[in-house]
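The block underneath contains the structure these notes are about, expressed in structure tokens.
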Amino acid sequence: MGEPLIYEISRPGRQAVALPTCDVPQTPLPEGCIRDELPLPEVSEVDLVRHYVHLSHMNHAVDTGFYPLGSCTMKYNPKVNEAAARLPGFAALHPLQPPSSTQGAMALMYELQCMLAEIGGFAGVTLQPAAGAHGELTGVLIMRKYLHDQGETHRHVILVPDSAHGTNPATTSMSGLKVVEVPSDRRGNVDLAALKSLLDIHGPNLVGMMLTNPNTLGLFDEHITEVIRMVHDAGGLMYGDGANFNAILGIVKPGELGFDVLHYNLHKTFSTPHGGGGPGSGAVGVVEKLVDYLPGPIVVRQEAEGADIYQWHMPARSIGRVKAFHGNFGVLVRAYTYIRMLGAEGLRAVSENAVLNANYLQARLRGVYPIPHGDRTCMHEFVAQGIIKGAAEIRTLDIAKRLMDFGFHPPTVYFPLIVPEALMIEPTETESKETLDAFADALIQIADEARTNPELLKTAPHRAPLRRLDEVRAAKELILCYGGCAA
Amino acid sequence: MIYIPNTDADRAAMLATVGVATVEELFHDVPEAYRFPSLQLPPPLSEMEVLRELEALASENDDLHHLACFLGAGAYYHFVPSIVDFILQRSEFFTAYTPYQPEISQGTLQAHFEYQSMICALTGMEVANVSHYDGATATAEAVIMALQVTRGKRTKVVLSPTLHPQYRAVVRTYTQGMGLQLVGDGDPLAMESSAAEELAALASLVDGQTACLIFQNPDFLGRLYTPAEMQALAGQVHAAGALFVVAVDPISLGLFVPPGRYGADIVVGEGQALGNPISFGGPYLGFFAMKMADVRKSSGRIVGQTVDAEGRRGFVLTLSTREQHIRREKASSNICSNQALNALAAAIYMAAMGKHGLRTVAELCYHKAHYAADLIARLPGYQVLSGRPFFKEFVVRCPRPVSLINQALLEDYGILGGYDLGQDYPELSGHMLLCVTEMNTREEIEELAEALAEIAGRPQEVV
């Protein structure tokens, strides 16, 4: 028996919160405006706590087990981050207070802007975007507006590799620009010959290229400087999708490689918790010529009478605000805490160990599952295939569901799209060798089971709170609300 | 190394398995000229040291635990019951990812299904998604959805001038590449006109090219429009074939008739007030509710009910064929991450308050705000603009520049004064938007009135 819905444990007359009685004279309520019903549940506090604790037991999370979800960087979330974000001097600040009363918070934001700029090799950073995709929109709008200001208003094409996250092409369309897809070569890089012919056609209309590097195959592009040079030669700008930054902290600065814009995923690389899908933070870094286009306000530091004063500043040619207020500040405090604790050496160790862990897992699984680019050194992740010799009916999905029985979250499945039956595995640096070995052993055992007892995989999971769910039925029946949306 | 369990011995064993001698060799694909740059960052700190540094930074701020807060304008200081953060901090919710694997994510999925259900109850709508980044981006996404619903053939959007100025700014940012015409918010406010005149003027901007009209109720100035007035506006918008989008304060819905009852097609808003700390502006959540008929034109994650292989009730992310990871360049929005944890906080808050608690919170805001307005209206030099009913915010014309009054309130009384409306509305220069919630005691309200009186009475050169 699953956990009842909150509405199903509701009983008239119960309430979980006591509120004060009104201590001021009452004013008549406006006529014709008052609602006659408010169908929220009525529950006691103990029932409410048990309800959510029961629900929590049905979740897999980083704190309950290994979560090798490719491209998502499910690393451990340090608890000191939570203590920091909950300090009343941060958590109880109004975003519109006079800056004189929030200098500490603004100093933190300023320092984080500087630290991210240093890590990425950029001249300026905005902390306003709320997530990676939000950072992408910010970056592409910056590129578009910059080119418009150069009189290049006809430019409307963005090149996107076929291995890209769906957010890249979606961002392009949302910005009013046209996507042209670039194929990958045999070794998983951007196909240079194809890029050249696409630039021959689209070069004059090029806004730029969006590139994730290392890419979603977990590979660092072997011709990265050449790709960037070609895009720049065509008059375009280079956008870096920082989803995979966990591989390159202190290893390489995208700004030095020639990227013009990049978003950081603070909720991936910089250890802030994912919270079941968010909040994130998609800070954006840019080179000098684009600093004036950042959304704002950003924080600037000025010296007055020997002291530092932090102020809000709207960049002169800003694309405008992308969000109310100043960004996901609580997430920023956590990321700041993480960077301050690790320092330069610690950040490089993060990437070194993330990459070592991924290569170790790749080495252990070579020969067990096909790894299309397994001949190369991977970065922080790699892509295997859920294809097992002698078990033709087994799919990646079956392997993923069976992994749950071993207490592991499955890898990202069926992405990137260019690898059939993809299993995208990102262990992160916060996992021990014992965990990696246990995971590899499980995958090896599953490959064996696939041949000897395929039904075990087909009907998995067996030990999860529920068996496989009927997603087709969900999309067909569309029960999206308790009581069936009888609004 | 902190947070990295690998020992030197582990690394040596792993490198041997990989078949390389050093970790550095793993990075041979990175061009040598750019490999291993130095990072100029402050030296690393232990947990004890970092907390000391952060506490010092935090203490440089005047936080709302030590001020009497009368500032709102889109971010609100409401009471958050202890249970909310207690549940939120459970690792199983906190450190989970997007529930793409439903069999081991039922906790998040069911909690989000319940969130959707309670947002529907609150707004009077049929469907809600599991949140956008904040109220402003939810409003921009409503515009994009309205373009979809009207089949991309309409290119005009009408923005009420009393829609939150930052929401209007974000709509402009989002749509700058879409070739739209945004109208309605350029002219000075006609503060003296009646609601009917004002709404008629707005409705006259809606034509056959209009995809939607966005109205905030209570509006940015705190003024409440009656369901009858809203219904009339909705009728005019619909007559032109456009969508009626309403931005709303969720706490106000504890008391007032919801937009779903007066013709709204999409209801959006800032959900922060529902159990989320004010946190210097984020993370918050944008709630987004709509009609069932339009759900396939919407963006953002949605949870649906289904069954597992044994027929047991369960929940999954559904309608994902709308989203970027499937539709790529054909998706109408690029949204991927949402504000899942903030939505969970909102759900816990709504369930904890329940139907009676939320109404009580709304009534406390209403009565206290009116008490404050009554006191301030009697002060020499101040005038409360109160031609309309209001909820928890109201406009006060001040005898001195708002920034000077606020500075005196903060420095001399520990009071965080209202929002300076002249920043966004030149015609409201010298006007302050004050906000009163259940957090403000009668003593605080009376002290505010006394402080305002004292400051107004100061000689010109002292303020």
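Working value for the protein assembly as shown: equivalent-ellipsoid semi-axes of 45, 31, 28 Å, each the square root of 5 times a Cα gyration tensor eigenvalue, largest first.
Counting Cβ atoms of other protein chains within 10 Å of each Cβ in B:318-325 and taking the mean gives 5. Listed by chain and number, the aspartates and glutamates whose C-alpha is less than 15 Å from the C-alpha of B:LYS153, apart from same-chain residues fewer than 8 away, are B:ASP207.
Ranked by the mean number of other Cβ atoms within 10 Å of their residues, highest first, the peptides A:459-468, B:221-230 fall in the order B:221-230, A:459-468. The orientation-averaged shadow of the Cα convex hull for chain B, equal to a quarter of the hull surface, comes to 29.1 nm².
Of interest is the spacing of the C-alpha centroids, which for segment A:417-487 and segment A:103-147 amounts to 36 Å.
Placing +1 on the Cβ of every Lys and Arg and -1 on the Cβ of every Asp and Glu, with no other charges, gives segment B:395-463 a dipole of roughly 240 debye about its Cα centre. When the Cα gyration tensor is reduced to axis lengths a ≥ b ≥ c, the ratio a/c is 1.5 or higher for segment A:1-62, and with a/b above b/c it is classed as prolate.
Peptide A:75-83 is shielded by partner chain Cβ atoms: per residue, an average of 4 of them sit within 10 Å of its Cβ.
Considering only beta bridges that DSSP places wholly inside segment B:82-350, some 50 percent are antiparallel. Pairs to check: A:LYS389/A:LYS458; A:LYS145/B:LYS297; A:LYS476/B:LYS291. Give those whose C-alpha atoms are more than 20 Å from each other in this structure. Going by Cα-Cα distance, A:LYS145/B:LYS297 fall outside the 20 Å limit. Of the residues B:VAL267, B:VAL30, the one with the fewest other Cβ atoms within 10 Å heads the list, and the complete ranking is B:VAL30, B:VAL267. Could you tell me how far the Cα centroid of segment A:282-340 sits from the Cα centroid of segment B:70-94, in Å? Result: 25 Å between the Cα centres. If one puts a single equal scatterer on every Cα of chain A and applies the Debye formula without solvent, what log₁₀ I(q)/I(0) results at q = 0.06, 0.09 Å⁻¹? Calculated log10 I(q)/I(0) at the listed q: -0.33, -0.74. Sorting B:153-166, A:137-150, B:80-93 by their mean Cβ neighbour count within 10 Å, with the most densely packed peptide first, gives A:137-150, B:153-166, B:80-93. Per-residue ellipticity at 222 nm computed for chain A from its helices equals -11000 deg cm²/dmol, with DSSP H segments shorter than 4 residues left out and the rest contributing -39,500 (n - 2.57).
With both residues required to sit in the protein assembly as shown, DSSP beta bridges show an antiparallel share near 60%.
Shape of segment B:197-316 from the C-alpha gyration tensor: oblate (a/c of 1.5 or more and a/b not above b/c, with a ≥ b ≥ c the square roots of its eigenvalues). Straight-line reach from B:LYS392: taking Cα to Cα under 24 Å and skipping same-chain neighbours fewer than 8 places apart, the lysines in range are A:LYS323, B:LYS355, B:LYS368. Bridge orientation summary for chain B: considering DSSP beta bridges with both residues in this region, about 60 percent are antiparallel. The mean number of partner chain beta-carbon atoms within 10 angstrom of a residue's beta-carbon across peptide A:216-223 is 2. Packing around the peptides A:370-380, B:376-386, taken as the average count of other Cβ atoms within 10 Å per residue, puts them in this order, highest first: A:370-380, B:376-386. Computed over segment B:82-350, the percent of Cα pairs more than 27 Å apart is 36.
Here, each number is a calculation from the coordinates, and none is a lab measurement. Only a predicted model underlies this, so the values are computations on that prediction, with no experimental measurement involved. When we count neighbours, we look across all protein chains shown, and the Cβ atoms used for this are built from the backbone with ideal geometry, even at glycine.
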